[in-house]
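Worksheet: the structure to be examined is printed underneath.
What follows is calculated from the coordinates using simple rules that are stated; it is not laboratory data. All figures in this text were calculated on a predicted structure; none of them were measured in a lab. Because the Cβ atoms are built from the backbone with ideal geometry, glycine has one as well, and the counts that use them run over all protein chains shown.
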Amino acid sequence: MTTRTPRTTTSPGATTPGPAVRLGIDIGGTKTAAAVFDERDTILARATAATPAAAGAAAVVAGVLDLAARVLAEPAAAGTVLTAIGVGTAGVVAPDGRTIAAATEALPGWAGTPLAALLEDTLGAPASLLGDVQAFLAGELTAGAALGARGAVAVMAGTGIGGAIAVEGAVVRGSRGAAGHVGHVPVAAAEGHRCPCGAWGHVEAVASGPAMTALLRREPAHAGVRDLRAVAAAAADGDASARSALRRGGGALGAALAGVVNTLDPDVVVLSGGVLDAGPWYEDALRAELAARALPLLRGTRVVRAALGADAVLLGAVSRAAAG
């Protein structure tokens, strides 16, 4: 592999290299974030921008590079030397951590993008990629809800159901980069329902925000329900059907997670995502179903909410990049 000279952001007239920093990047279908981290994992500077997903992969990469240049030019990052770039991105990352292996229609044309090489060519520091939920779990392992865990499962429930797993303290990529796709575990509650991935019976087909909204919308009295916020509002007002839709989704995800817990025997399950804000019905059902279906020995497995918020992806990406 070609040795790359670290990019320096030292100001004109300086004669010695400044402190080493790492650049974290979080690429989503709607928003991209970047942050500069020092050697103590403190964020020195950050910036966000809309992801130009509809314009294609080249536009997304250009946006990432513009955002990187902006955050590295912040006064707090002046006089530093960029030594590593870590990226958490939507889509599936190839096992070598350098190329996008697959992606959904949220990022058209993203599959096949040699993102690590493109970043290295412009920014002059080695780059490494993780899937966004894999990076999220890496962050929670580094300084969040999974700190100190050897085995961990993470799930992110929102527009879709994302997941990641860690074994012996390290996030597992899998032979094709797709390890941890909890949302695509088949469950009985999803039989007859088509998943956004094209298969049938996956838990995402009943446990995601859009899936639960669609389920409630089937009832004539709720035909006008537009999104999960409306479902949550109805549930909070005492609507039995709205609460049932949330319980059904949460219970289905709990059943899927029970299978993963029974397989991996993790220290902790970390929950995150906007669906958790829809009221207690989803999470309560998830926890109850997981406990009911887990092996007796594993029913005490900790189930906790994530601790780091949006910074988990950024921190996890740079932590993995720094580790090589």
Report the residue, chosen from Ile100, Ile43, Ile25, that carries the largest GNM mean-square fluctuation when the chain is represented by alpha-carbon nodes joined by springs under 10 Å.
Ile43
Taking the Cα atoms of segment 178-229 alone, what are Rg (to one decimal) and Dmax (as a whole number) in Å?
12.0, 40
Non-local amide H neighbours of Leu44 (under 5 Å, H modeled in plane, Pro and chain starts lacking H): which ones?
Val36, Phe37, Asp38
If amide hydrogens are placed 1.01 Å from N in the peptide plane, which non-local residues have theirs closer than 5 Å to the one on Leu82?
Arg7, Thr8, Thr9, Val21
Which percent, nearest 5, of DSSP beta bridges in the chain are antiparallel?
55
Given the C-alpha centroids of segment 11-73 and segment 278-315, what is the distance between them in whole angstrom?
32
Net charge dipole size for the chain [Lys, Arg +1 and Asp, Glu -1 on Cβ; Debye, nearest 20]:
240
Using +1 on the beta carbon of Lys and Arg, -1 on that of Asp and Glu, and nothing else charged, what's the dipole of segment 148-305 about the Cα centre, debye to 20?
160
Under the Karplus relation 6.51 cos²θ - 1.76 cosθ + 1.60, θ = phi - 60°, what is the ordered set of whole-Hz ³J(HN,Hα) values for segment 213-218, x standing for Gly and Pro?
4, 5, 4, 5, 5, 5
Quick one: Karplus J couplings for segment 179-188, per residue in order, coefficients 6.51, -1.76, 1.60, θ = phi - 60°, nearest Hz, x for Gly and Pro?
4, x, 6, 4, x, 10, 7, x, 9, 4
Calculated [θ] (222 nm, deg cm²/dmol) that DSSP helices of n ≥ 4 give over the chain, each run adding -39,500 (n - 2.57)
-10500 deg cm²/dmol
So, for the Cα atoms of segment 132-231, Rg and Dmax in Å stand at 15.9, 50
For a quick check: sort Leu216, Leu137 by the number of other beta carbons within 10 angstrom, fewest at the front.
Leu216, Leu137
Residue order, fewest to most beta carbons within 10 Å, for Arg98, Arg70:
Arg70, Arg98
Burial ordering of Asp311, Asp265, fewest other beta-carbon atoms within 10 Å first:
Asp265, Asp311
Residue by residue, what Karplus-based ³J(HN,Hα) values in Hz, rounded to whole numbers, does segment 129-145 have, using 6.51, -1.76 and 1.60 with θ = phi - 60° and x for Gly and Pro?
10, 9, x, 4, 6, 4, 5, 4, 5, 4, x, 5, 5, 6, 8, x, 5
Order the peptides 79-88, 110-119 from the highest to the lowest mean number of other Cβ atoms within 10 Å of their residues.
79-88, 110-119
Enumerate the amide H contacts of Ala102 below 5 Å, restricted to partners 5 or more residues apart or on another chain; note that Pro and chain-start residues carry no placed amide H.
Val92, Gly112
May I ask what percent, to the nearest 5, of DSSP beta bridges between residues of segment 148-305 are antiparallel?
55
At most 11 other Cβ within 10 Å, DSSP loop - GluC sites (Glu not before Pro), segment 132-213
Glu168, Glu191
Computed over the Cα atoms of segment 148-305, what is the ratio Rg over Rh, Rh following Kirkwood?
0.98
